[in-house]
Amino acid sequence: MKTGIPLALLLCLLLSPAWSEGRQEPASASVTAGAYRVTDCLGRTISLEGIPDRIVLAGRAVLLTMDAVYLFPDARQRVVGVGTTDQGLGDFFPILDPRSGSKARFDTSAGPEQLAGLRPQLVILKSSMKERLGNSLESIGIPVLYVDLESPESFASDIRMLGDLFQDPARAAFVNRFYEARVDAIRKKVAGASRPSVLVVQYSERDGSTSFSVPPVGWIQTRIVEIAGGEPVWKAAGMGSGWNKVGAEQVAAWRPEHLFVVSYQKPAPQVAEGLRAAGTWTARISPFPADYHSWDQSDSRWILGLAWAAKRLHPDLFARLDLRAEVASFYGELYGIDSQTINAKILPRLEDAIAER
């Protein structure tokens, strides 16, 4: 394991993606006769003798990592183990990988000893797992590569890095262009439009009580609202490194025009319907769509969440935007999922959330 120079860290954290300013950036891998190096989002450079044949995806938030890694078709034959990816709405992995039945599955709390038993040549983790798991894996000689994914910029940077890992920069460029085109189109349409106030809350039920939380200002949820042409009302409260609990009184005090409800364990349309029935708030309450994974997260689906949010906030500007067509394009072009599967196993999960109301 080699440590990258400080410049690598600055490049990973500070550079905007190529699509944001129309410029091309060099790949971060240095390739020589089969051996090459890859620099991850923490500025760490690892040396590889060749593309790893035994890749393991582990740790908390592994579903986000999985969905990013599987944007590269080569992942299907090289990933040998994946942590639990059912967030409460079903497991997307069998749809994503036809070979899923032959892959090792384990809990997201699996430690270094359990993962070592899979004989990984590389483990890919979210950057937040470095202290909890990554350091221990490295201490027993298992290389670790970190992704961040928490903003549109870091997502694009991580895709380029994964392109380096799989030695497929053309695929990375294709994926980033897919996102670039949609982000640019939405930004152009909302430029100069009024910006309605928006509140994104995560709804949770535990031990018989309910709670609301708002995301940190630097997370993808905030960026989705801003790019879609909305004004996040929770910015002053969305501090820290995770979801921050807020009381119902505070939610009401913000008086948002739109309330976007996120629910990871219970279908968000059910939660939104209950909140509407309670009649507590005057905001237009909408459930954030989710098929297997919610569209609000720093998951590959954030681009679908952006399209949905833009249409919710500016229905006149996006009257011709067909969310079902966007879903078909997303799963077909990025994951190679056939239309029959999309129509049978994905779209039916979304009807309540993307329906006009």
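Values quoted throughout were computed directly from the atomic coordinates according to the rules given, and no laboratory measurement underlies them. Only a predicted model underlies this, so the values are computations on that prediction, with no experimental measurement involved. Here the Cβ is made from the backbone with ideal geometry for all residues, glycine too, and neighbour counts use every protein chain on show.
Each peptide among 47-54, 122-129 gets the average number of other Cβ atoms lying within 10 Å of its residues, and from highest to lowest they stand as 122-129, 47-54. Computed over the chain, the Cα gyration tensor eigenvalues convert (square root of 5λ each) into semi-axes of 34, 22, 20 Å, ordered from largest to smallest. Along the Cα-to-C-beta direction of Thr108, a point sits 7 Å from the Cα; which residues of the range 120-138 have their amide N less than 13 Å from that point? Only 126-129 pass the distance filter.
Magnitude of the Cβ-charge dipole of the range 252-357, K/R +1 and D/E -1, about the Cα centre, nearest 20 debye?
320 debye
Each of the peptides 334-341, 262-269 was scored by the mean count of other Cβ atoms within 10 Å over its residues; in descending order, highest first, they stand as 262-269, 334-341. When the scattering of the range 277-357 is computed by the Debye formula from its Cα atoms alone, each counted once and equally, what is log10 I(q)/I(0) at q = 0.12, 0.27 Å⁻¹? With one equal scatterer per Cα and no solvent, log10 I(q)/I(0) is -0.36, -1.47.
For the chain, the relative contact order works out to 15 percent when only alpha carbon pairs closer than 8 Å and six or more residues apart are counted. Across the options Ile346, Ile51, Val262, the greatest Cα extent toward the positive end of the charge dipole of the chain (unit charges at beta carbon of Lys, Arg, Asp, Glu) belongs to Val262.
Let me know the number of lysine pairs in the chain closer than 16 Å at the Cα, not counting same-chain pairs under 8 apart. Spell out each step's value before the answer.
On the way: Lys2/Lys130; Lys188/Lys311; Lys189/Lys311; Lys235/Lys245.
For the chain, the number of qualifying lysine pairs is 4.
Dividing the radius of gyration of the alpha carbons in the range 189-337 by their Kirkwood radius gives 0.96 for Rg/Rh.
In debye to the nearest 20, how big a dipole does the range 129-202 give about its Cα centre with +1 on each Lys and Arg Cβ and -1 on each Asp and Glu Cβ? Display every interim value, and only then the final one.
Values: 10 positive and 10 negative charges, 104 e Å.
Charge dipole, the range 129-202, about its Cα centre: 500 debye, nearest 20.
Here Asp86 and Arg187 are evaluated by their C-beta separation; at R0 = 25 Å the FRET efficiency comes out at 0.15. Think of the chain as a dipole: +1 on every Lys or Arg Cβ, -1 on every Asp or Glu Cβ, centred on the Cα centre; then among Phe288, Pro120, Leu96, Phe288 lies furthest on the positive end.
In a reduced charge model with +1 at each Lys and Arg Cβ and -1 at each Asp and Glu Cβ, the chain shows a dipole moment near 180 debye about its Cα centre.
Need the full-extension length gain, Arg195 to Ile51, defined as separation in residues times 0.36 nm minus the C-alpha distance. One decimal, nm.
Numbers: separation 144, 0.36 × 144 = 51.84 nm, distance 4.63 nm.
That pair, Arg195 and Ile51, stretches by 47.2 nm at full extension.
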